[in-house]
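Read through the structure below, which is laid out as structure tokens, and then see the notes.
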Amino acid sequence: MTATAEQLAAFRADIGNVRCIDEEKLVQAKSRDYYWYSPILKEWLDHCSGQLLVRPRNEEEVKTVAGAAARHRIALTIRGGGTGNYGQCVPVEGGVILEITGLSAIREIAEGRVVCEAGARIGQVENAVAETGQMLSMFPSTKRIATMGGFVAGGSGGIGSLRHGMLRDGQNITYLRVVTVEEEPRVIELHGRDILKAQHAYGTNGIITAMDYALAPATDWIHSIALFDGYPTALEFAIQAQASGTDAYLITVVDRRFARFYRRLTEYFPVDRDAVFSMVAPDAMAGFRARVADLGGTVSLAGSHREVEAANLPPAWECGWNHTTLQALKLEPGAWSYLQVAYPRPFDPSLVARQQERYGEELYFHHEMARMDGEVQVFALPLVSWRGRERTYEIIKEMEETDGCTIFDPHAITIEDGGMKEIDAAQIEFKKEADPHGLMNPGKTRGWLPGMARA
Ligand SMILES: Cc1cc2nc3c(=O)[nH]c(=O)nc-3n(C[C@H](O)[C@H](O)[C@H](O)COP(=O)(O)OP(=O)(O)OC[C@H]3O[C@@H](n4cnc5c(N)ncnc54)[C@H](O)[C@@H]3O)c2cc1C
């Protein structure tokens with residue numbers, strides 16, 4: 001679908017004053033995300049690039065770009081901060097990259113909700129809502145660069161999911177404003193559960209320009225590290241802490257073999273102890289410490305965000321979820337990749353013990369306590385010693401077929417393979433409305449077939 005020079009020239013003539021860049025190096029840089037976590041995707045996507053970069057400043061300019069892309073039948077890929085892991089915003093068929101970060105206004109902050117534009121950086125929104133004594137219901141550890149729209153369209157959950165579930169759950173997102181990619185673009189407003197038509201659709205079915213996102217009362221969380229003599233005890237502690245309703249925002253269990261990657265924490269996370277990184281409410285700290293002691297553990301670090309930052313230590317959110325993989329890849333690039341595992345419910349820790357026994361030095365585990373559909377859900381994002389594609393898929397098969405886990409495959413680029421394996425019919429129906437020519441982020445959904453495109 002790569003656009004011809006004529007198509008691109010006609011597109012440029014059509015978008016008037018919208019900022020448009022064709023400088024090759026910059027366009028290439030804006031065609032990348034964190035897909036390189038996967039050696040499989042690295043090989044596949046390294047050569048992919050868009051052809052033009054546009055930077056609209058407001059929704060009117062977004063509509064101008066959408067209309068021109070539709071009229072000239074040019075592929076259109078939306079980019080927020082470009083921190084996705086699976087080539088989510090890599091244009092695999094060339095075309096135009098629309099960088100949404102020019103739409104960064106925060107329109108309204110009310111009790112429990114923020115209405116903001118999609119290109120606002122998550123950290124920027126977090127700072128603004130902090131002034132009203134509130135915080136985001138959840139965020140990814142990439143919040144300084146990542147945008148609200150990118151999180152909604154590409155993310156699934158993260159720090160805060162322990163309390164507030166996954167992004168798609170409950171009232172986390174209650175409104176999306178979406179621009180269609182048609183000759184005469186329209187705005188579609190999605191309310192309530194209808195937001196699922198465009199949430200986690202990888203920007204394949206409309207351009208999100210604004211949203212309503214959930215807030216919670218701000219808490220000055222205590223970033224803590226609890227150490228245990230043995231992974232099963234550390235895991236047991238985390239399960240108990242969650243089951244007993246410990247007032248926490250993050251609980252992540254990390255195998256002692258990660259200690260060598262956490263260089264700034266050498267003093268607090270030694271190589272002979274397994275760790276639980278948590279963000280705990282100040283009032284809950286006494287109970288937290290008592291529970292750690294009950295299981296024979298010790299608390300090696302406990303401080304507010306300001307305190308850990310002043311001590312040049314990483315916040316707890318940089319020690320869990322996918323930041324853990326980043327820590328390892330920074331020190332031993334090429335040696336590791338990772339998997340994303342959802343455990344069957346109810347969680348059975350003996351399954352983890354069997355997996356650790358089975359994989360030994362090949363997999364380093366860390367487990368994330370979360371909620372999904374209102375229930376306790378345990379995830380793991382194990383680091384996998386890189387032994388090639390075949391071995392990777394052998395492990396995936398074993399974990400799915402023998403262990404009953406669901407693997408969100410981080411070596412695949414489609415929504416379905418990276419997610420629940422099923423095509424979301426409602427998202428495809430919405431795509432027929434919001435992207436009738438099938439121009440948005442081509443190749444990223446298996447549900448869209450060429451015959452579906454409007455002529
Ligand atoms: C170290 C690390 C840790 C991470 N931790 C987490 C985590 O805890 N939880 C999590 O869910 N993810 C996580 N991620 C993945 C990613 O950082 C987040 O999902 C992030 O919120 C993506 O935002 P972004 O602005 O960078 O999106 P991008 O990467 O720019 O885009 C992501 C997808 O959304 C689409 N998109 C972007 N903006 C729009 C828009 N306005 N309208 C329509 N489509 C759009 C893009 O086309 C693309 O398909 C992590 C990644 C890394 C590298």
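The values are calculated or read from the model by the stated rules, or taken from the named source; none is laboratory data. Since this is a predicted model, take the numbers as computed values, not measurements. We place every Cβ from the backbone using ideal geometry, glycine too, and count neighbours over all the protein chains shown. Quick note on the areas: whole protein, heavy atoms, side chains included, nothing else; ligands and nucleic acids left out. Shrake-Rupley method; radii C 1.70, N 1.55, O 1.52, S 1.80 Å.
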Can you give the accessible area per residue of the range 5-101, in Å², using a 1.4 Å probe? 39
Nearest 10 degrees is fine. How inclined is helix 59-72 to the longest principal axis of the chain, computing both from alpha carbons? 60
Which of Ile188, Thr252, Leu301, positive extreme of dipole for the chain (C-beta unit charges): Ile188
Out of every Cα-Cα pair in the range 102-218, what percent are more than 18 Å apart? 44
Loop-only GluC sites (Glu not before Pro) in the range 65-166, please: DSSP not H, G, I, E or B, and at most 14 other Cβ atoms within 10 Å. Glu111, Glu131
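Given +1 on the Cβ of Lys and Arg, -1 on the Cβ of Asp and Glu, and no further charges, what dipole in debye does the range 163-213 carry about its Cα centre, rounded to the nearest 20? It would help to have the intermediate numbers written out before the result.
Working: 6 positive and 7 negative charges, 63 e Å.
In total the dipole reaches around 300 debye.
Using 1/(1 + (r/R0)^6) with R0 = 30 angstrom and r between the beta carbons of Asp294 and Ala426, what's the FRET efficiency to the nearest 0.05? Display every interim value, and only then the final one.
Details: r = 47 Å, r/R0 = 1.56.
According to the calculation, E is roughly 0.05.
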For the range 5-101, report the translational diffusion coefficient in µm²/s to the nearest whole number, using Stokes-Einstein at 4 °C, 1.567 mPa s, and a Kirkwood Rh over Cα pairs. 96
Considering the chain, what Rg and Dmax in Å follow from its alpha-carbon atoms? 22.1, 71
Please list, by residue number, everything in the range 135-168 whose backbone N is under 16 Å from a paramagnetic label point 7 Å out along Cα→Cβ of Arg306. none
Testing the spin-label approximation: label points 7 Å from Cα along Cα→Cβ at Glu111 and Asn17. State their distance in nm. 4.3
Among Thr77, Gly443, Leu215 the positive-end extreme of the charge dipole of the chain (Cβ point charges): Thr77
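So for each of 272-281, 52-61 I average, over its residues, the number of other beta carbons within 10 Å; can you give me the resulting order with the highest mean first? Could the numbers behind the result be given before it?
On the way: 272-281: 23.7, 52-61: 18.8.
Highest-to-lowest ranking by the protection proxy: 272-281, 52-61.
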Lys/Arg Cβ at +1, Asp/Glu Cβ at -1, dipole of the chain taken about the Cα centre: which of Gly157, Gln28, Trp336 is farthest positive-ward? Gln28
Amide H within-cut-off set for Met372, under 5 Å, with H built and near neighbours excluded: Gln377
Just the ratio, please: alpha-carbon radius of gyration of the range 323-383 over 2.2 N^0.38 Å, N its number of residues. 1.22
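Would you mind calculating the relative contact order of the range 102-218 from Cα pairs under 8 angstrom and at least 6 residues apart, reporting the percent as a whole number? Don't skip to the answer; put the middle values down first.
Details: 238 pairs, mean separation 36.8, N = 117.
Normalised by residue count, the contact order of the range 102-218 is 31 percent.
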With Cα coordinates, the longest principal axis of the chain makes an angle with the long axis of helix 425-434, in degrees rounded to 10, of 40
For helix 5-14, what angle does its Cα long axis make with the longest principal axis of the chain, in degrees from 0 to 90 and rounded to 10? 90
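If each DSSP helix of 4+ residues adds -39,500 (n - 2.57) and the sum is divided by the residues in the chain, what number results at 222 nm, nearest 500 deg cm²/dmol?
On the way: 15 runs with 129 residues, N = 455.
Taking each H run of at least 4 residues, the total per residue is -8000 deg cm²/dmol.
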Say a paramagnetic label sat at a point 7 Å from the Cα of Ala353, along Cα to Cβ; which residues of the range 376-398 have their backbone N under 20 Å from it? 378-380
How big is the charge dipole of the range 102-218 about its Cα centre, in debye rounded to the nearest 20, if each Lys and Arg gets +1 on its Cβ and each Asp and Glu gets -1 on its Cβ? 360
Mean separation of Cα contacts under 8 Å, 6 or more apart, over the residue count of the chain: relative contact order %: 16
Computed label-point distance, nm, for sites Glu184 and Ser385 using a 7 Å Cα→Cβ extension: 6.3
Share of accessible surface on carbon and sulfur in the range 5-101, whole %, 1.4 Å probe and ligands ignored, is 47
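Can you give the charge dipole size of the chain about its Cα centre, rounded to the nearest 20 debye, using +1 on the beta carbon of Lys and Arg and -1 on the beta carbon of Asp and Glu? Each step should come with its number before you reach the end.
Details: 47 positive and 60 negative charges, 139 e Å.
Roughly 660 debye for the chain.
So what's the range 403-452 giving for Rg/Rh, alpha carbon basis, Kirkwood Rh from the mean inverse pair distance? Intermediate results must be reported in sequence, preceding the final value.
Details: Rg = 12.2 Å, Rh = 11.7 Å.
Looking at the range 403-452, the ratio lands at 1.04.
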Skipping prolines and chain starts, which residues have an amide H placed within reach, meaning under 5 Å, of the one on Gln134, given they are 5 or more residues away or on another chain? Ala218
Ordering of 402-408, 354-360, 74-80, 219-225 by packing [mean C-beta count within 10 Å, highest first]: 74-80, 219-225, 402-408, 354-360
Interatomic Cα distance distribution for the range 270-351, bins of 10 angstrom, percent: 13, 34, 38, 14, 0
